[in-house]
Amino acid sequence: MSSALRWQKSSYSAGDSDNDCLEIAAAPSLHLRESDDPTTVLTPTPTALHALLTTLKR
């Protein structure tokens, strides 16, 4: 699945060789992965994603 998705790094990720960043893909649902472990892909429900983003904003 992850090889067919078009991944985009977070704008908050460092531009250097450090790969500690969040990547996102949307096709048709949203997929998240950590660049350190690209084989582990999360596909949160809209409710779970909203809860995550709300918590992170606090």
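One table, with the values for the structure above:
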item	result
FRET efficiency for residue 58 and residue 9, using Cβ-Cβ distance with R0 set to 25 Å, rounded to 0.05	0.55
Ranked by how many other beta carbons lie within 10 Å on average, peptides 21-30, 46-55 from highest	21-30, 46-55
Amide H contacts of residue 21 (H built 1.01 Å from N, under 5 Å, at least 5 apart or other chain)	35, 36
Cα→Cβ-extended label distance, 7 Å offset, between residue 20 and residue 35, nm	1.2
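Read the figures in this text as sums done on the coordinates, not as results from a lab. In this text, all values refer to a predicted model and were calculated from it rather than measured experimentally. Quick reminder, even Gly has a Cβ in these numbers, built from the backbone with ideal geometry, and neighbours come from all protein chains shown.
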